[in-house]
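A.B. asks: One structure follows; several queries about it will come next.
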Amino acid sequence: MSDLLQLEDLTQAQGDMHRPTLVERESIDYKAIAKNVGRIGEGKKYHIKTYGCQMNEHDTEIMAGMLEEMGYTATNDHHEADFILFNTCAVRENAEDKVFGEIGRLKPLKNRNPQLILGLCGCMAQEKVVQELVAKTYPWVDVVFGTHNLHQLPELIDKARNSQETIIEVWDKAGAVIENLPKLRKEGIRAWVNIQYGCNKFCTYCIVPYTRGRERSRLLEDVVAEVKELAGLGFKEITLLGQNVNDYGIDLKAYDFADLLAAVNEIEEIERIRFTTSNPWNFTDKLIQTIANCEKVAEHIHLPVQSGNNTILRRMNRGYTREFYLDLVGRIRAAIPDVSLTTDIIVGFPGETEEQFLDTLQLVEEVRFDGAYTFIYSPRAGTPATRFKELVSETEQKDRLQRLIDVQNRISREINDEMKNQIVEVLVEGESKTNPDVLQGRTRTNKIVLFSGTRDLAGQIVQVRITEPQTWLLKGELVPQRAGLAV
Ligand code: 5AD
Ligand code: SF4
């Protein structure tokens with residue numbers, strides 16, 4: 001730890017000169033908004049349907065926290081809900097189509113129960129075309145709000161219940177980072193913590209910079225305070241969230257992501273620290289060394305590559321080459337030997353030839369990722385890539401996706417097979433969601449492990465011998481717990 005900054009040193013090192021001031025970040029008083037509205041949800045139920053990434057999942061926890069403060073209680077059955085909210089994703093078209101399908105199916109329910117409030121928020125709500133479509137085609141939606149003004153939820157519900165018209169209130173720019181919003185975290189063992197919002201990268205296919213705005217970082221002391229609070233509540237694993245976590249702090253000019261990891265690593269009671277998502281651009285040697293040195297930072301990096309071909313990478317505006325990416329992977333593996341690497345890949349980007357796709361396949365073979373999220377390119381209105389005209393046919397796109405999945409599945413399986421008979425350290429999450437007779441946990445490398453054991457192990461770190469590796473999970477058996485068995 002000696003070459004890493006301790007939290008105390010860091011706070012001193014910042015000094016007042018560097019400390020971001022409240023002038024730069026005007027504050028929004030959520031508590032006042034909530035107080036004005038009061039407990040108008042008393043005796044009522046809410047149902048939130050969430051699409052997309054972990055940022056959205058966490059936004060849902062925040063909105064659930066607000067709703068419960070208003071007196072609402074949660075229900076899994078939307079038929080008995082008084083407020084139904086769609087927290088949406090705009091990254092690909094099919095997710096958007098699904099949301100409109102579901103909103104369409106809710107029309108009869110809304111006709112039968114005019115008191116029901118229907119809401120749409122999240123990334124889709126930021127799109128002008130979506131706002132117009134809702135107003136024109138789905139007028140039974142009561143309220144639409146965006147990613148930058150979700151703190152207004154209480155007052156927007158209040159307005160919506162007294163209005164015949166759809167209330168559309170979407171800020172097109174982000175305001176201040178708002179602290180102290182309530183959050184309803186379910187599990188009690190693993191928690192997400194936002195560290196940064198927005199993205200400045202403008203990859204040509206991606207809508208996120210338009211729906212989530214420019215990069216804004218939370219202050220290090222606010223993140224540390226939240227993690228300490230979670231530790232006090234018994235949470236064991238923290239996932240630091242941002243669109244580009246390794247850009248954390250660039251806007252604050254006082255500290256960087258490595259400093260934040262080192263600071264969170266000092267918090268007692270937290271067993272594991274994860275982070276997502278990283279960008280190959282700006283993944284510094286200091287950061288690699290910090291991950292290697294901080295014993296609580298888990299050995300898993302999600303490092304989206306998107307393509308293995310330089311021409312496509314350039315047209316995607318990714319800011320790195322295939323060679324740079326491979327070199328980065330080499331440096332990461334040299335410093336963190338057992339690291340697990342996962343990635344995101346898009347196939348069928350406009351103009352992608354068979355040879356260029358083969359470069360991606362070959363990169364996947366060379367890196368041997370533990371897993372990959374694979375996508376067919378989906379044109380998003382307003383993004384620069386929609387101007388590229390040489391589209392890849394749908395048949396070709398599907399064929400490439402399948403070939404990529406086949407290669408990746410084989411590699412994931414081979415990597416997992418090598419774990420047979422190994423004893424691994426597992427943080428127990430509780431019963432498996434698919435089979436309540438077994439427990440589910442994760443390795444430090446983020447692999448799901450299923451094994452038999454008693455429920456009181458939830459929240460503990462145990463040793464498990466892998467007996468039956470599969471492509472996406474590992475089955476194992478509990479090893480009698482003795483000191484010194486961990487690998
Ligand atoms: N089409 C397909 N995939 C996309 N992604 C982002 N935008 C698009 C798009 N327009 C993928 C990228 C990103 C992941 C979250 O979603 O791979 O890393
Ligand atoms: Fe989208 Fe690129 Fe930003 Fe990721 S880095 S959120 S892919 S623009």
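Values in this text are rule-based calculations from the coordinates and carry no lab data. Not measured: the values here are computed from a predicted model. Cβ: placed from backbone, ideal geometry, glycine included. Neighbour counts: every protein chain shown.
A.B. asks: Could you go through the range 186-194 in sequence order and give the Karplus-derived ³J(HN,Hα) for each residue, using 6.51 cos²θ - 1.76 cosθ + 1.60 with θ = phi - 60°, rounded to whole Hz, and x for Gly and Pro?
C.D. replies: 7, 6, x, 10, 10, 9, 8, 10, 5
A.B. asks: Residue separation times 0.36 nm, minus the C-alpha to C-alpha distance between Asn310 and Lys389: what's the value? Show your work: numbers first, answer last.
C.D. replies: Working: separation 79, 0.36 × 79 = 28.44 nm, distance 1.90 nm.
So the extension gain works out to 26.5 nm.
A.B. asks: So who's got an amide H within less than 5 Å of the one on Ala372, skipping anything under 5 residues away but keeping other chains? H placed 1.01 Å off N, in plane.
C.D. replies: Amide H neighbours of Ala372, under 5 Å, 5+ apart: Thr343.
A.B. asks: With all pairs of different alpha carbon atoms counted, what Kirkwood hydrodynamic radius in Å does the range 102-229 show? Numbers along the way, then the final one.
C.D. replies: Working: mean 1/r = 0.0599 Å⁻¹.
This gives a value of 16.7 Å.
A.B. asks: Something else now. Could you pull out every one of the aspartates and glutamates with an alpha carbon less than 17 Å from that of Lys136, ignoring same-chain neighbours closer than 8 positions?
C.D. replies: Cross-link targets: Glu96, Asp97, Glu102, Glu127, Glu165, Glu169.
A.B. asks: With a/c under 1.5 counting as rounded, go ahead and sort the range 264-394 into rounded, prolate or oblate using the C-alpha gyration tensor (a ≥ b ≥ c being the square roots of the eigenvalues; past the cut-off, prolate if a/b is larger than b/c, else oblate).
C.D. replies: prolate
A.B. asks: Which of the lysines could a cross-linker bridge to Lys475, judged by Cα under 23 Å and excluding same-chain residues fewer than eight apart?
C.D. replies: Lys236, Lys420, Lys433, Lys447
A.B. asks: What dipole magnitude, in Debye to the nearest 20, does the range 27-169 give about its Cα centre under +1 on Lys/Arg Cβ and -1 on Asp/Glu Cβ? If you can, show how the numbers build up before the last one.
C.D. replies: Numbers: 16 positive and 21 negative charges, 76 e Å.
Charge dipole of the range 27-169: 360 debye, to the nearest 20.
A.B. asks: Excluding Ala258 itself, calculate the net charge of residues whose Cβ lies under 10 Å from the Cβ of Ala258, where each Lys or Arg counts +1 and each Asp or Glu counts -1.
C.D. replies: Numbers: positive: Lys286; negative: Asp256, Asp259, Asp285.
It works out to a net charge of -2.
A.B. asks: Sticking with the crude label model, points 7 Å out along Cα→Cβ, report the distance from Val129 to Ile461 in nm, one decimal please.
C.D. replies: With each label placed 7 Å out from Cα toward Cβ, I get 4.8 nm.
A.B. asks: In the range 423-479, if every C-alpha pair distance is counted and binned at 10 Å from zero, what percent goes to each bin?
C.D. replies: Answer for the range 423-479: a P(r) of 29, 64, 8 percent.
A.B. asks: I would also like to ask the following. Using the Karplus equation 6.51 cos²θ - 1.76 cosθ + 1.60 (θ = phi - 60°), what ³J(HN,Hα) coupling, rounded to whole Hz, does each residue of the range 370-377 give in order, writing x for Gly and Pro?
C.D. replies: Once rounded to whole Hz, the list reads 6, x, 8, 8, 10, 9, 8, 3.
A.B. asks: In terms of modelled amide H atoms, which long-range or inter-chain residues lie less than 5 Å from the amide H of Val297?
C.D. replies: Ile273
A.B. asks: Same structure, new question: Could you list, by residue number, the cysteines of the chain that have no other cysteine's beta carbon within less than 4.7 Å of their beta carbon?
C.D. replies: Cys53, Cys89, Cys121, Cys123, Cys199, Cys294
A.B. asks: When the Karplus curve 6.51 cos²θ - 1.76 cosθ + 1.60 is applied with θ = phi - 60°, which whole-Hz ³J(HN,Hα) does each residue of the range 207-218 get, with x for Gly and Pro?
C.D. replies: Going residue by residue, I get 8, 4, x, 7, 8, 10, x, 6, 5, 9, 9, 6 Hz, with x marking Gly and Pro.
A.B. asks: As a check on your grasp of the helix formula, calculate [θ] at 222 nm for the chain: sum -39500 (n - 2.57) over DSSP H runs of n ≥ 4, divide by the residue count, round to the nearest 500. Can you show the working numbers first?
C.D. replies: Numbers: 15 runs with 168 residues, N = 487.
Taken over the chain, the calculation gives -10500 deg cm²/dmol.
A.B. asks: Starting from 0 in steps of 5 Å, tell me what percent of the Cα-Cα pairs of the range 27-169 lands in each bin.
C.D. replies: Spelled out per bin, shortest first, that is 2, 10, 21, 25, 23, 13, 5, 1, 0.
A.B. asks: List the lysines whose alpha-carbon lies under 26 Å from that of Lys253, not counting same-chain residues fewer than 8 positions away?
C.D. replies: By straight Cα distance, Lys253 reaches Lys173, Lys201, Lys228, Lys286, Lys296.
A.B. asks: Using modelled amide H (1.01 Å from N, peptide plane; none on Pro or chain starts), what sits under 5 Å from the amide H of Val144, excluding residues fewer than 5 places away?
C.D. replies: For Val144, the qualifying residues are Leu120, Ile167, Ile168, Glu169.
A.B. asks: Using the Cα centre of the chain as the reference point, and only Cβ charges (+1 on K/R, -1 on D/E), how large is the resulting charge dipole? Debye, rounded to the nearest 20.
C.D. replies: Numbers: 59 positive and 73 negative charges, 205 e Å.
That gives the chain a dipole magnitude of about 980 debye.
A.B. asks: Positive end of the dipole of the chain, charges at C-beta (+1 Lys, Arg; -1 Asp, Glu), about the Cα centre: which of Leu361, Val99, Gly213 has its Cα farthest in that direction?
C.D. replies: So the residue we want is Val99.
A.B. asks: Which of rounded, prolate, oblate describes the chain, given a ≥ b ≥ c as roots of the alpha-carbon gyration tensor eigenvalues and a/c under 1.5 marking rounded, otherwise prolate only if a/b is larger than b/c? Walk me through the numbers on the way to the answer.
C.D. replies: Numbers: a/c = 1.39, a/b = 1.21, b/c = 1.14.
Judged from the Cα gyration tensor, the chain comes out rounded (a/c under 1.5).
A.B. asks: Under 18 Å from a point 7 Å along the Cα-to-Cβ line of Trp171: which residues of the range 208-229 have their amide N that close?
C.D. replies: Residues 209-219 fall inside that zone.
A.B. asks: Label-point separation (nm) for Asp77 and Glu477, each offset 7 Å from Cα along Cα-to-Cβ?
C.D. replies: A separation of 4.3 nm, rounded to one decimal place.
A.B. asks: Here's a follow-up. How many angstrom separate the Cα center of the range 172-218 from the Cα center of the range 347-400?
C.D. replies: Between the Cα centre of the range 172-218 and that of the range 347-400, the gap is 27 Å.
A.B. asks: Then there is this: Where in the chain is the longest stretch that carries no GluC sites (Glu not before Pro) classed as loop by DSSP and with at most 15 other Cβ atoms within 10 Å? Walk me through the numbers before you get to the answer.
C.D. replies: Working: sites that count: Glu24, Glu26, Glu42, Glu165, Glu179, Glu187, Glu268, Glu269, Glu295, Glu390, Glu418.
Maximal segment without exposed cleavage sites: 43-164.
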